[in-house]
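Before any comments, here is the structure.
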């Protein structure tokens, strides 16, 4: 056996490191009140210890769940470390879910404490009497901001809750495999599933995210997590920022293009992370106002496939490197990030552009494979696609409190994505298995169709779905939202596909809509798209036309 010291990988050690070695690095938050709050890692560490003491004062048992309904801000950050560091489990809840779904999640998790921003007070009122296990409610505000007419029994302000607690708390030492935080999947088909992360998996994920070939964070970065802290722990950025001593900039609830841009410029943000829908708002603002970034160097885009047109706009017009990423709640979430190898830098420019559109290479600690319908592993040639399986140090083993058996297949987690992997290990998601279109025995990638449509200068957003066809089984159509004041007709858009895909892959038609339904994490809801009145009307017209021909 080796003769080295043993230190458990605990979330509290990240905060201790940030306080001791990067104590004067700033944490900046735009609060829901509209003002800017500033302090440093040493202040966050002190107040996180007060959170731990406050939980002890309530005699909350170890592993008890503490839920949050909160935006990205300094108080939420303190809960990230204070809850988990004390041996309890942080449970971040997506406030964009339906109240009934949130109620189900709270009861399923057996949350005992619920901390929330005041913007979500109406939501808490709606679920209050249905949440059977919650014993304490904390409003993330000062005492004077508590509403006088609130009917939530025992509601206390966050500052009163932690204000009188000692900051000399010593973090406990325990098994690094103990639960640290809890996130639920988006639950687009049935109830969400619960993924319980450990301290060990969270720290290894933070290490992986910081690597040069992933996010490459350092103490020289000013980091803006636009991705919400209730969305898979903000992709682990609070933990990775503590590990590296980065400056953190939190946007609060102001996620419109103008607000995000102003905060970026004001705080000299060098690195930002978010989903494509938020970045589209930002790029639209820059285009309208003729603005450019003065400090932003790179951005990670994930949560949904990033349109190539967006990658080109960031890179060609603004000189910002886009790191395309793939992951899911079950992978903590990072599975791959698209950064070039040395040999790819020697390739032609058009090949490098194609590479940037892929979801990238696996981080150390994660492995991939693609399989056919029989479970046989397929070759990595960049052309053969199959069901994507993943395993690794921060990949789920089983769901929390689930009735089903382990989701693993021979130790691998089936992601539900369809993908190709090339000889250099670059992953490209071609579709969700439930969204891929099978036409005449051949498969069509809805993501590829959407990306081409999004490249048209008059298209704001697009969704490709399958419609039934008597001869070909399924055929693609593209559902489109045009840019304001732009003129675009069906024939123009369909002609735009020519030469970009095989003729048989070109959509049969275009359906124009005012908006495309999005889920709680900013992803397109294909099931809802199929139920839109414009789409249903189109399908009826096609059916009637086919019947008349018969």
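The values are calculated or read from the model by the stated rules, or taken from the named source; none is laboratory data. Quantities reported herein were computed from a predicted structural model and do not represent experimental measurements. Reconstructed Cβ throughout: ideal geometry from the backbone, glycine too, with neighbour counts over all protein chains shown.
A few notes on this one:
- Among the residues of region 354-365, those identified as in contact (Cβ under 8 Å) with a residue 60 or more places away in the chain, touching a strand residue (DSSP E or B) at 6+ places or on another chain (Cβ under 9 Å), closer than 20 Å to residue 305 by Cβ and not in a strand (DSSP E or B) are 357, 358, 359, 363.
- Take the conditions (1) closer than 18 Å to residue 279 by Cβ; (2) in contact (Cβ under 8 Å) with a residue 60 or more places away in the chain; (3) surrounded by fewer than 18 Cβ atoms within 10 Å (Cβ to Cβ); residue 338 misses just one of them, which is (3).
- Of all residues in region 190-218 being more than 23 Å from residue 365 (Cβ to Cβ) and touching a helix residue (DSSP H, G or I) at 6+ places or on another chain (Cβ under 8 Å), the one that is surrounded by the most Cβ atoms within 10 Å (Cβ to Cβ): 192
- Of all residues making up region 408-433, the number that are free of Cβ contacts under 8 Å to residues at least 40 places away in the same chain and assigned to a loop (DSSP other than H, G, I, E, B): 3
- Of the set (1) in contact with a helix residue (DSSP H, G or I) (Cβ under 7 Å, 6 or more places away or on another chain); (2) farther than 16 Å from residue 360 by Cβ; (3) modelled with pLDDT of 95 or more, all apply to residue 297 but (1).
- Qualifying residue in region 391-403 (condition: more than 27 Å from residue 202 (Cα to Cα) and buried (at least 16 other Cβ atoms within 10 Å of the Cβ)): no
- Among the criteria (1) farther than 28 Å from residue 45 by Cα; (2) buried (at least 21 other Cβ atoms within 10 Å of the Cβ), the one residue 345 does not fulfil is (2).
Results for (1) farther than 26 Å from residue 210 by Cβ; (2) not in a loop (DSSP other than H, G, I, E, B), shown as yes or no for each residue.
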site: 367; (1), (2): no, yes
site: 375; (1), (2): yes, no
site: 381; (1), (2): yes, no
site: 387; (1), (2): yes, yes
site: 391; (1), (2): no, yes
site: 395; (1), (2): no, no
site: 398; (1), (2): yes, no
site: 402; (1), (2): yes, no
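- Failed item, numbered, when residue 277 is tested on (1) modelled with pLDDT of 95 or more; (2) surrounded by 17 or more Cβ atoms within 10 Å (Cβ to Cβ); (3) out of contact with any helix residue (DSSP H, G or I) (no Cβ under 9 Å at 6 or more places or on another chain): (1)
- Scan of region 285-302 for residues that are in contact with a strand residue (DSSP E or B) (Cβ under 8 Å, 6 or more places away or on another chain) and within 25 Å of residue 231 (Cα to Cα), ordered by number: 296, 297, 298, 299, 300, 301, 302
- Looking only at region 190-215, and only at residues there that are within 18 Å of the chain's Cα centre (by Cα) and outside any helix (DSSP H, G or I), the one that is nearest to residue 282 (Cα to Cα): 215
- Residue list for region 253-270, restricted to those being in contact with a strand residue (DSSP E or B) (Cβ under 9 Å, 6 or more places away or on another chain) and crowded, with 20+ Cβ neighbours inside 10 Å: 260, 263, 264, 267, 269, 270
- Members of region 219-236 that are buried (at least 19 other Cβ atoms within 10 Å of the Cβ) and touching a helix residue (DSSP H, G or I) at 6+ places or on another chain (Cβ under 7 Å): 223, 224, 225, 226, 227, 228, 229, 232, 236
- From the list 108, 98, 125, the lone residue that is farther than 27 Å from residue 247 by Cβ, in contact (Cβ under 8 Å) with a residue 40 or more places away in the chain and surrounded by fewer than 21 Cβ atoms within 10 Å (Cβ to Cβ) is 108.
- Within region 465-550, helices (runs of 4 or more DSSP H) holding 3 or more residues that are touching a residue at least 24 places away in the same chain (Cβ under 8 Å) and surrounded by fewer than 18 Cβ atoms within 10 Å (Cβ to Cβ): 533-549
- The number of residues in region 70-85 that are crowded, with 24+ Cβ neighbours inside 10 Å and over 19 Å from the mean Cα position of the chain (by Cα) comes to 8.
- Where strands (runs of 3 or more DSSP E) fall entirely within region 251-353, those with at least 3 residues that are under 24 Å from residue 462 (Cα atoms) are at 298-301, 321-327.
- Counting residues in region 280-290 that are closer than 22 Å to residue 73 by Cβ and at pLDDT below 95 gives one or more.
- Qualifying residue in region 445-458 (condition: surrounded by fewer than 19 Cβ atoms within 10 Å (Cβ to Cβ) and assigned to a strand (DSSP E or B)): no
- The residues of region 160-178 that are without any contact (Cβ under 8 Å) to a residue 24 or more places away in the chain, more than 30 Å from the chain's Cα centre (by Cα) and either in a loop (DSSP other than H, G, I, E, B) or farther than 19 Å from residue 75 by Cα (or both), listed by number, are 164, 170.
- Residues (touching a strand residue (DSSP E or B) at 6+ places or on another chain (Cβ under 9 Å) and at pLDDT below 90) located in region 439-450: 439, 440, 441, 443, 444, 445, 446, 447, 448
- Residue check, residue 131 without any contact (Cβ under 8 Å) to a residue 40 or more places away in the chain, within 23 Å of residue 253 (Cα to Cα) and surrounded by 13 or more Cβ atoms within 10 Å (Cβ to Cβ): no
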